[in-house]
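Engineer: There's a structure below that I have some questions on.
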Protein chains: 2
Amino acid sequence: MRRSIRSAILSGPTNFRAHFGGLQLASEFDLIAQCFAPLAGPEGLGLKDDAALFQPNPGTELVYTVDAMASGVHFLPDEAPELVAKRLIRVNISDLAAKGAKPRGYLLTIALPHDLDIAWVQAFAEGLGEDQEAYGFKVIGGDTISTPGPLVLSLMAIGEVRQGRMIRRAGAQAGDDLYVTGTIGDAAFGLEVTKGTHQSASEADKAYLEGRFRLPTPRLSFGQMLATEAIATAAADVSDGLLADAGHIGIASGLDIEVNAGSIPLSDPARRIVASDNRLADAITGGDDYEIVFSAPADCRQMINTASVKQGLPATRIGRVVETLGDKPAVRLIGEDGAAIQLEHLGYRHR
Amino acid sequence: MRRSIRSAILSGPTNFRAHFGGLQLASEFDLIAQCFAPLAGPEGLGLKDDAALFQPNPGTELVYTVDAMASGVHFLPDEAPELVAKRLIRVNISDLAAKGAKPRGYLLTIALPHDLDIAWVQAFAEGLGEDQEAYGFKVIGGDTISTPGPLVLSLMAIGEVRQGRMIRRAGAQAGDDLYVTGTIGDAAFGLEVTKGTHQSASEADKAYLEGRFRLPTPRLSFGQMLATEAIATAAADVSDGLLADAGHIGIASGLDIEVNAGSIPLSDPARRIVASDNRLADAITGGDDYEIVFSAPADCRQMINTASVKQGLPATRIGRVVETLGDKPAVRLIGEDGAAIQLEHLGYRHR
């Protein structure tokens, strides 16, 4: 293995580092450039310069987020390339959504394995194109490299918010309500279905859950509303797990978070699994929900309810922000009896 | 292999996707977060939010560039982690330099192999810290993921230029002079030394060339001067090879480029190799020089000479920009006799 990695560097000083749209690159890299060039916004200068040139809109601040994914780790190696593309875009859009930002553009890095088919890249670019259109932003730059390992993708998204309006994690106040959009746990159970390890659910339930895992729906317009109307005092997207991400808000704000176990919003398919297999803990620690967990003052309840109805997206009050009881901020799951429920861990750990 | 990649996804829905500074992550990822958090600028919000918040300076435009590197492809697997970090920063700084931009911040993606040592990451972060200080910018965000393959790094750099002052590739005019900074070919020969395939040079020459390959020096202040003084009509950094990158300017500007073979600036060690082994072609197609190739009107000659003396950096007039002779823009290497020299290729191809 080491020998073959070493021999890879022998092919040339710059090897096949390829800027999209570059000259004198390999034919397959030219093909790749041809896949991405039509997706480029004007800021990308046709992906033919050393850099993109970007003019922020007056009165806005820029918000940056980056998420990477590796084949076999964040998606199954045989996942459809269009879905890999959309998932990559959407996990980043979800971060922008939680900050109340509007997508403006993105840069993309692709580390291609030697045996990857150009057809894969073409289908991947098609997926990007569809979601670019859907979310109203465009690629402005990128880099393609080759790797002896599996496919690794990295996307850096640029969003904008009105100056001073980005919703941070650190703004929660004691006494605030805690909310979450949509439903929680679908993706955790959906991954089990995708892997073939979940048996008990009906075929219809499995299809629903798998869809929620494979193609998340970030809550972009809801997040923008939370910022524009200055409703949320703090927000995070639910990627690590509801309790873990609520905890992120608590830690950043220096306060405790209480989440009521009985209030967690569940889809009907997830509710059936939670009820029959007693798996609430997996739903609220599983992650990949790409909902928004946020805090807001109690006098915003009517406003949130109206916005939720208007957008057709549930926003469920699931707990509250309180003064820290212990030495450091903590998140507590509260049972029907008002007592804290002990969980082994709050979100996913590397193991 | 496929089986082991598949099994990696079984460990959890979000697996170990880790935002720097995140909560409830694996201990090794916490350690990694601890390596990077001290490097963060205020825009990075301590690397503890979902996104970075960035306020462009008034009257500036933002310039973005991204470069990725894989172990065994862009650097040898046993390269010192500090040098890997600095090389990653500098190849990006070089793109900003060619555009006349000032570095403002960067985002970083690290795909870590399972067996990578935390000590490697710590040393890598130290290298980043030193070059951050040297180039006056800071990390504002990032993502760490795990990969069953080799280390893959991606850095997205943000720079700023005064509005309308970015030097594009597309601005060259017929009649412009063509220049390049520094010396060309050191990195191409330095790579051979690093790989142990170059024998003929003296030990002192080998040490010089290897140093030029392993730790490039992007021409940041020279590039900024070219933009501030509105000297350059077009510029590119020399990463793919002098002829290829000069060709990028020609293609973008719709003009031919003529490069005089006798004018290529060579360091003494490179000159000795070129002279004894007849290897000029390798010097000008080898790449990784990270110099700036640029076009400028003839009436800027005195200004460029003065700037070059002031900065202590040679800027050599190596050719000119002319109307296109053929169907499409081309780059020609011109011999002492004024006739074009045919080369097999202009820059590195994937093979």
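The values are calculated or read from the model by the stated rules, or taken from the named source; none is laboratory data. Given the structure is predicted, the values throughout are model-derived calculations rather than measurements. Please note: Cβ atoms are built from the backbone with ideal geometry, for glycine as well, and neighbour counts cover all protein chains shown.
Engineer: Just wondering, is there one or more residues in the stretch A:17-29 that are at pLDDT 85 or above and either facing chain B (nearest Cβ under 7 Å) or assigned to a helix (DSSP H, G or I) (or both)?
Structural biologist: no
Engineer: Separate question: If you check every pair at least six apart or on different chains, which have Cβ atoms under 9 Å apart with a residue in the stretch A:46-66 that is more than 7 Å from chain B (Cβ to nearest Cβ) and touching a residue at least 40 places away in the same chain (Cβ under 8 Å) first and a residue that is of a type in the set (A, V, I, L, M) and assigned to a strand (DSSP E or B) second?
Structural biologist: Final answer for the pair search is A:L47/A:A40; A:L47/A:V139; A:L47/A:I140; A:T60/A:V161.
Engineer: Please list, ordered by residue number, the strands (runs of 3 or more DSSP E) wholly in the stretch A:48-139 having 2 or more residues that are polar (S, T, N, Q).
Structural biologist: Hits in the stretch A:48-139: A:60-70.
Engineer: When you look at A:I231, is it more than 14 Å from chain B (Cβ to nearest Cβ), over 15 Å from the mean Cα position of the chain (by Cα) and not in a helix (DSSP H, G or I), yes or no?
Structural biologist: Judged against the criteria, A:I231 is a match.
Engineer: Can you tell which of A:L178, A:L155 is buried (at least 24 other Cβ atoms within 10 Å of the Cβ) and either of a type in the set (S, T, Y) or over 15 Å from the mean Cα position of the chain (by Cα) (or both)?
Structural biologist: A:L178
Engineer: Same structure again: Select from the stretch B:323-338 the residues that are closer than 15 Å to B:D256 by Cα and loosely packed, with under 14 Cβ neighbours inside 10 Å and list them in ascending order.
Structural biologist: B:E323, B:L325, B:G326, B:D327, B:K328
Engineer: Here are A:R271, A:R301, A:R320: which of them is without any contact (Cβ under 8 Å) to a residue 60 or more places away in the chain, away from chain B (no Cβ under 14 Å) and surrounded by fewer than 24 Cβ atoms within 10 Å (Cβ to Cβ)?
Structural biologist: A:R271 is the lone residue from the list that is without any contact (Cβ under 8 Å) to a residue 60 or more places away in the chain, away from chain B (no Cβ under 14 Å) and surrounded by fewer than 24 Cβ atoms within 10 Å (Cβ to Cβ).
Engineer: Looking for whichever is touching a His at 6+ places or on another chain (Cβ under 7 Å), in contact (Cβ under 8 Å) with a residue 40 or more places away in the chain, under 26 Å from A:L45 (Cα atoms) and not assigned by TED's automatic domain parsing to the domain that holds B:L83 here; the options are B:R169, B:R219. Which one fits?
Structural biologist: B:R169
Engineer: Identify all residues within the stretch B:164-185 that are outside any loop (DSSP other than H, G, I, E, B) and not polar (S, T, N, Q); write none if there are none.
Structural biologist: B:D177, B:L178, B:Y179, B:V180
Engineer: Still on this structure: Quick one: is B:R104 of a type in the set (K, R), within 13 Å of chain A (Cβ to nearest Cβ), surrounded by 21 or more Cβ atoms within 10 Å (Cβ to Cβ) and within 21 Å of B:E210 (Cα to Cα)?
Structural biologist: no
Engineer: If only one of A:G149, A:G141 is in contact (Cβ under 8 Å) with a residue 60 or more places away in the chain, crowded, with 24+ Cβ neighbours inside 10 Å, over 20 Å from the mean Cα position of the chain (by Cα) and facing chain B (nearest Cβ under 7 Å), which one is it?
Structural biologist: A:G141
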